[in-house]
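Every read-out reported here was derived from the displayed coordinates using simple, explicitly stated rules and does not represent laboratory data. Remember, it's a predicted structure, so these values are computed and weren't measured experimentally. All Cβ positions, glycine included, derive from the backbone under ideal geometry; neighbour counts span all protein chains shown.
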Amino acid sequence: MKIPFNKPYMTGKEHVYITEAYTNGMLAGDGPFTKKCHEWLEKNTGAKKALLTHSCTAALEMAAMLLDIEPGDEVIMPSYTFVSTANAFALRGAVPVFVDIRPDTLNLDEKLIEGAITSKTKAIVPVHYAGVGCEMDTIMAIANQHHLAVVEDAAQGLMSSYKGRPLGSIGNMGTLSFHETKNIISGEGGALLVNDPKLVSQAEIIREKGTDRSRFFRGAVDKYTWQSIGSSFLPGELIAAFLWAQLEDAKGITERRLAIWHEYHQMLAPLEAKGILRRPIIPDDCQQNGHLYYILLNPKMDRQKVLADFKDAQIMAPFHYIPLHSSPAGMQLGRAHGSMKVTDAVSEQLLRLPLWYSISKEEQERVVAVLAKL
């Protein structure tokens with residue numbers, strides 16, 4: 001029996017709500033289900049405004065436009081992240097400035113941020129890796145001192161918090177992903193959380209092709225017109241209907257994933273004690289969401305051999321990321337600030353273990369058994 005890395009979970013209500021949207025005859029964006037999703041996100045994150053997008057990438061691109069990022073601006077971020085974090089700002093002509101990560105959480109090392117700030121720095125983009133919060137108090141203090149914006153890349157962070165504050169709700173803006181590999185899904189999808197009230201109106205305009213169409217539908221204006229640059233960032237109502245079924249069950253989904261995460265954590269403790277691997281480290285002031293269980297292999301281990309062992313056992317256990325600072329586009333469009341030794345080491349040692357809502361304890365035991373033979 002093969003064990004995949006991920007199996008998208010569906011609550012059973014998705015097709016009911018999709019049928020309802022079909023019956024309503026409203027299939028474009030910002031219909032009744034989109035409104036429900038917006039209200040849920042605002043209530044559960046505290047964001048001033050939540051706006052569904054067709055991906056987290058789109059939400060990041062909106063954030064770059066809202067900050068009026070221009071050619072030559074610099075944006076500080078980790079190199080150990082998905083390409084969208086950098087791409088969204090590079091598309092506006094900005095230079096991604098890569099800073100190393102912490103060895104414990106694999107998040108942006110807040111102690112290195114100030115050294116990377118120059119007169120061209122416009123924003124800081126912390127990435128909450130594996131749904132574990134960055135050290136946001138320090139990051140926000142640095143940003144405020146240097147008059148910089150903060151965009152939280154919380155693609156993996158819905159239902160996680162830092163010191164009781166939902167991830168994505170702390171910076172000027174936050175971005176979420178509902179890709180099928182995430183905890184709460186819509187196939188493809190995302191959201192922009194706008195926490196700065198001054199950005200709300202412009203965010204709506206950018207999302208609606210640069211028009212004030214949202215104000216028109218609220219009755220605030222008698223016609224809508226082109227106001228600024230923008231694009232079509234809305235998902236269709238069928239996507240929102242699917243997502244609404246997931247959001248309704250977000251608490252239960254999170255509890256189940258956390259139970260699986262803790263099962264792995266307990267099973268792997270003896271292997272960590274033997275020095276075979278290192279388990280994830282969760283700071284006391286961070287509540288995570290069970291999104292991802294990774295291990296860091298002992299540097300003396302041959303990861304390619306471990307990957308081959310998993311393949312022989314018909315288990316999908318991939319690694320990620322190829323660091324952006326050493327990628328072709330990263331070297332061309334961005335620059336690294338200082339040593340990237342933690343990023344480089346982690347990228348060669350990390351493995352992600354299969355984790356989805358219905359994975360069984362027996363399947364988890366099969367995964368751990370491969371590692372126990374190392």
Helix 250-273 axis, angle to the chain major axis (alpha carbon atoms, nearest 10°): 30
For the peptides 101-107, 332-338, 50-56, what is the packing order when you average, over each peptide's residues, the other Cβ atoms within 10 Å and list the highest mean first? 50-56, 101-107, 332-338
Using alpha carbon centers only, segment 347-374 is separated from segment 250-310 by a whole-angstrom value of 8
Cα axis of helix 32-45 to longest principal axis of the chain: angle in degrees, 0 to 90, nearest 10? 60
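So what's the chain giving for Rg/Rh, alpha carbon basis, Kirkwood Rh from the mean inverse pair distance? Please report the intermediate quantities before stating the final value.
Values: Rg = 20.9 Å, Rh = 21.4 Å.
The Rg/Rh ratio comes out at 0.98.
I need the peptides 37-44, 145-152, 163-170, 75-82 ranked by packing, meaning the mean over residues of other C-beta atoms within 10 angstrom, with the highest value on top. Could the numbers behind the result be given before it?
Numbers: 37-44: 17.4, 145-152: 19.4, 163-170: 21.5, 75-82: 26.4.
Put in order of decreasing packing, that is 75-82, 163-170, 145-152, 37-44.
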Add -39500 (n - 2.57) for each DSSP H run of 4 or more in the chain, then divide by its residues: what number comes out at 222 nm, to the nearest 500 deg cm²/dmol? -11500 deg cm²/dmol
Of all C-alpha pairs within segment 133-268, those more than 24 angstrom apart amount in percent to 45
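Answer rounded, prolate or oblate for segment 251-372, using the Cα gyration tensor with square roots of eigenvalues a ≥ b ≥ c: rounded when a/c is under 1.5, else prolate when a/b is larger than b/c, else oblate.
Values: a/c = 1.82, a/b = 1.42, b/c = 1.28.
Judged from the Cα gyration tensor, segment 251-372 comes out prolate (a/c at least 1.5, a/b above b/c).
How much length, in nm to one decimal, is gained on full extension between Ala313 and Ser231, taken as 0.36 nm per residue of separation minus their Cα-Cα distance? Write out the running numbers ahead of the final one.
Details: separation 82, 0.36 × 82 = 29.52 nm, distance 4.61 nm.
Here the answer is 24.9 nm.
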Search the structure for amide H atoms under 5 Å from the amide H of Thr121, placed 1.01 Å from N in the peptide plane, and list their residues when 5 or more places away or on another chain. Glu74
